[in-house]
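Colleague: Got a structure for you, written out below as structure tokens; questions coming shortly.
Taken together, the values in this text are just the output of simple stated rules run on the coordinates, not laboratory data. Treat the numbers as computed from the prediction; the structure is a model and nothing was measured. Here the Cβ is made from the backbone with ideal geometry for all residues, glycine too, and neighbour counts use every protein chain on show.
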Amino acid sequence: MKLLKKQRAIILLQGAVQGMGFRPFVHRLASSLKVAGSVRNSVEGLIIEIEGEEEKVEEFIIRLLSSPPPFALLEKVEVLRLPPLGYEGFQIQRSEEGRTGLLFPLPDIATCRECLQETLTPGERRYFYPFTNCTNCGPRFSIIRALPYDRERTSMRKFKMCPDCQREYDDIRDRRYHAQPIACPACGPHIWLEVEGRRIYGDALKEAVNLLLEGKILAIKGLGGFHLACNALDEEAVRKLRERKRRPFKPFAIMVRDLEMAHCLAELSPREEELLSSPQAPILLLPKKGDLPLAPSVAPNNKYLGIFLPYTPLHHLLMRECDAPLVMTSGNRTDEPLSASHREAKENLRGIADAFLLHNRDIVARCDDSVARVVRGRMVMIRRARGYVPLPLRLPYGGEDLLACGADLKNVFALCKGNWAFLSQHIGDLENATTFSFYKKVLKHLSRLLNIKPKLVAYDLHPTYHSTRFALSLGLPSIGVQHHHAHIASCMVENDLPREEVVLGVALDGTGYGLDGKIWGGEILLTTYQGFTRLAHLRYIPLIGGEMAIKQPWRIALAYLSLAEREDLLEREGLELPAFLRRWGEEKVKVLRRMMEKGINSPLASSMGRLFDAVSALLGVRFEATYEGQPAVELENISQECEEHYPFQLEGEEPLIMDVLPLIRGIVDDLLEGRRKEEIASKFHRSIVEMLASALCILRKRTGVRLVALSGGVFQNALLLKMLWERLEGEGFSVLIHGKVPPNDGGIALGQAVIARSRLEG
Ligand code: ZN
Ligand code: ZN
Ligand code: FE
């Protein structure tokens with residue numbers, strides 16, 4: 001008989017390996033392979049020591065590294081092989097005290113299958129309990145006050161575990177072994193309903209559902225903040241919510257009971273099903289389908305619907321009792337951050353909500369729902385928050401602790417330690433004073449939580465951004481980063497491009513401060529992490545009235561018509577833009593035209609976002625924006641793929657100017673011929689694709705670079721992204737797109753961070 005050789009190995013793991021049941025996972029793996037040893041947390045990371053037959057030890061290491069628990073992020077792995085010591089059995093050893101170098105808090109995780117099953121099974125201890133969770137699911141980021149992650153340092157601290165929960169918590173074989181937020185009806189948080197000054201405890205959920213079905217609006221305290229909810233099948237209720245929230249058009253997200261109900265409202269691919277039911281449970285933008293009589297006001301002028309599944313037991317119970325899709329929109333006043341405390345909610349949502357469904361587990365870190373869409377089978381992030389934050393992204397450069405402040409719109413900031421960049425949750429638009437103070441609060445919380453003390457700060461070059469002024473007020477060494485360089489760098493880094501890489505970066509957005517002091521936003525940049533060259537841009541046009549042109553895109557349409565010498569369009573009867581301008585006042589329009597000619601308050605912009613806005617107004621789709629991006633969103637929504645396109649012109653050496661005046665003339669001709677706006681809008685999308693593809697082919701010849709990165713808020717447009725992506729692949733380009741961070745300004749901080757780091761190295 002052959003004697004099997006024994007071996008011992010010490011494995012050191014660094015990264016996000018805490019609070020996700022990593023140690024029980026190691027224990028189970030060791031038991032199944034019959035290897036002996038121990039596992040413990042230490043200041044250096046997780047230390048595993050195993051001993052057994054050589055083959056078993058190898059298999060243990062392979063399985064550990066190839067399929068760790070779902071949220072684990074391994075930064076560094078070291079394996080040391082040693083002679084055996086004769087260990088027997090396997091132990092989880094007590095943690096060493098003191099702060100470890102690399103502690104990552106985890107995101108909030110949607111209710112797992114087992115916990116849901118338990119909550120819905122009569123006779124179970126947690127039957128109908130809205131706070132059921134385990135090591136694989138439940139709140140994390142939203143309840144953590146400090147690290148290491150322990151119940152003592154979460155908002156579960158005030159709930160003393162009952163003996164039954166304690167038993168589960170202590171039992172290594174239990175799914176709730178060391179589940180910090182463990183709770184049950186006997187010892188955990190509870191819900192109640194407040195309506196007209198009355199508090200209802202026992203039947204809170206059923207009463208809440210009754211109110212919803214009667215057409216009332218409810219404020220519901222959830223995981224990372226409050227939602228405002230109403231029955232999505234009840235047009236009157238949805239309209240009431242729009243009026244009270246002063247939000248006339250921006251689409252509302254819909255929570256559905258399950259995938260089956262999702263299928264009644266929207267077209268779903270298997271990939272989209274998988275994402276909806278993932279532990280992150282984001283809101284997905286899906287093509288509408290009319291099998292259920294959804295209230296038209298839920299998402300007016302939009303062929304997409306934002307849909308998500310319940311992600312806490314409270315939501316699951318609510319959706320099952322209700323059995324109708326619910327509007328679940330952020331519980332805030334428009335443009336302000338999410339309400340998180342009861343006081344805040346009552347103050348902010350008074351006059352909007354008819355009743356409040358509350359609970360007594362405090363929200364430490366407020367966090368919105370994440371929003372994404374799927375294009376050609378790939379997830380594109382639109383708003384990165386719950387489920388993803390605060391998991392870090394990896395930078396190709398290390399260095400001192402760094403803060404990247406982000407931009408002013410859709411703000412997200414980044415805190416970096418070593419090679420890790422921790423992006424904050426979606427903060428919002430810093431123009432709003434409440435949002436700006438929220439920014440500062442989150443920064444304080446996250447830097448303490450992650451133990452990051454910035455020695456350096458990166459910021460946008462826009463001189464009047466609140467984020468810029470804030471960055472410069474910190475008194476730290478600072479690095480200014482051009483906005484579109486940051487967009488492209490963020491796309492490069494999330495696609496794991498190494499340090500030396502060069503790309504043709506296509507940065508399309510609404511507004512970004514350019515190196516020449518003008519507004520950029522239709523740019524092709526030869527980009528490395530360290531720097532860029534502006535190879536091409538959209539022809540400059542004046543934004544009449546500056547900021548006002550963003551709210552009233554018909555002003556930009558006016559400028560394009562004037563430059564294209566096609567103001568004859570305005571004389572025509574029976575077209576929408578001329579009719580609108582006559583209503584607005586012909587004299588006032590004349591004044592604006594003079595302003596433009598003289599260059600008064602008419603800053604120049606090469607912005608693609610503004611071109612989409614202008615075309616939207618030109619076609620009479622949307623003359624004025626009630627929310628950011630509305631004109632472009634509605635233009636996308638009446639468009640579809642087509643092959644026909646308008647002429648355009650590419651001229652000049654460096655930069656190459658992408659001139660769309662021939663395109664505008666083509667649109668005017670089509671309008672005068674009475675072509676449908678749906679056709680013109682589709683043809684416009686194809687024209688932009690053709691123009692960018694032609695420009696990129698020229699630039700590839702000049703530079704030899706065939707790797708393209710697409711970034712900027714315009715790429716939230718799924719139709720444009722899909723068509724351009726396919727077209728470029730057809731031309732032999734390799735194309736990088738955004739998946740983990742948004743193409744919009746929510747990705748700017750990540751780009752700033754990697755650029756700042758690269759400059760210090762270089
Ligand atoms: Zn669970
Ligand atoms: Zn209990
Ligand atoms: Fe931008």
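Colleague: Between helix 748-761 and the chain, what is the angle of the helix's C-alpha long axis to the longest principal axis, kept within 0 to 90° and rounded to the nearest 10?
Modeller: 80 degrees
Colleague: Right, here's the next one. Rank-order 527-533, 200-206, 614-620 by packing density, defined as the average count of other C-beta atoms within 10 Å over each peptide's residues, highest first.
Modeller: 614-620, 527-533, 200-206
Colleague: Now a separate question. Rounded to the nearest 500, what is the 222 nm mean residue ellipticity of the chain from helices alone, with -39500 (n - 2.57) per DSSP H run of 4+ residues and division by all residues?
Modeller: Rounded to the nearest 500, the figure is -10000 deg cm²/dmol.
Colleague: Does anything in segment 205-223 have its amide N under 13 Å from the 7 Å Cα→Cβ label point of ARG244, and if so which residues?
Modeller: 211-220
Colleague: Hey, another quick one. Which entries in LYS5/LYS34; LYS453/LYS518; LYS250/LYS551; LYS518/LYS722; LYS683/LYS740 show an alpha-carbon gap greater than 24 Å?
Modeller: LYS453/LYS518; LYS518/LYS722; LYS683/LYS740
Colleague: Decide, for segment 661-762, between rounded, prolate and oblate: order the square roots of the alpha carbon gyration tensor eigenvalues as a ≥ b ≥ c, take rounded if a/c falls under 1.5, and otherwise choose prolate if a/b is larger than b/c, else oblate.
Modeller: prolate
Colleague: Now, a different point. Would you please give the residues with an amide H less than 5 Å from that of ALA266, counting only those at least 5 places away or on a separate chain, with H modeled from the backbone geometry?
Modeller: Placed amide hydrogens put LYS289 under 5 Å from ALA266.
Colleague: Taking the Cα atoms only, what angle lies between the long axis of helix 313-322 and the longest principal axis of the chain, rounded to 10 degrees?
Modeller: 60 degrees
Colleague: Return a whole-number percent for the relative contact order of the chain, with Cα pairs under 8 Å and 6 or more residues apart as the contact set.
Modeller: After rounding, I find 11 percent.
Colleague: Regarding segment 1-80, what's the average projected area of the Cα-atom convex hull, expressed in nm²?
Modeller: 5.1 nm²
Colleague: Return P(r) of segment 372-526 (all Cα-Cα pairs; 10 Å bins starting at 0; whole %; ordered from short to long distances).
Modeller: 10, 38, 40, 11, 0
Colleague: A follow-up question, please. If you restrict to DSSP beta bridges whose two residues both lie in the chain, what percentage is antiparallel, to the nearest 5?
Modeller: If we restrict to bridges inside the chain, about 70 percent are antiparallel.
Colleague: To make sure I understand, if each residue's beta carbon is the centre and we count other beta carbons within 10 Å, what order do HIS645, HIS537 fall in, fewest to most?
Modeller: HIS645, HIS537
Colleague: Once you treat every alpha carbon in the chain as an equal point and sum by Debye, what is log10 I(q)/I(0) at q = 0.06, 0.09 Å⁻¹?
Modeller: Taken in order of the listed q values, log10 I(q)/I(0) reads -0.40, -0.88.
Colleague: Something else about it: Sort 631-641, 483-493 for me by packing, meaning the mean count of neighbouring Cβ atoms within 10 Å per residue, highest on top.
Modeller: Averaged packing, sorted descending, gives the order 483-493, 631-641.
Colleague: Could you give the length gained by full extension between ASP171 and ARG583, i.e. 0.36 nm per residue of separation minus their alpha carbon distance, to one decimal place?
Modeller: This chain segment gains 141.0 nm when fully extended.
Colleague: With angles folded into 0 to 90 degrees, how steeply does helix 433-449 sit against the dominant principal axis of the chain? Use alpha carbons for both and round to 10.
Modeller: Computed tilt is about 30 degrees.
Colleague: Something else now. Straight distance only, please: which aspartates and glutamates reach the Cα of LYS76 with their own Cα at less than 14 Å, same-chain residues fewer than 8 apart left out?
Modeller: Output for LYS76: GLU44.
Colleague: Could I ask something else about it? Could you work out Rg/(2.2 N^0.38 Å) for segment 328-447, with Rg from alpha carbons only?
Modeller: Relative to the rule-of-thumb radius for its length, segment 328-447 sits at 1.18.
Colleague: Sort 238-245, 441-448 for me by packing, meaning the mean count of neighbouring Cβ atoms within 10 Å per residue, highest on top.
Modeller: Taking the mean over residues of other Cβ atoms within 10 Å, the ranking is 238-245, 441-448.
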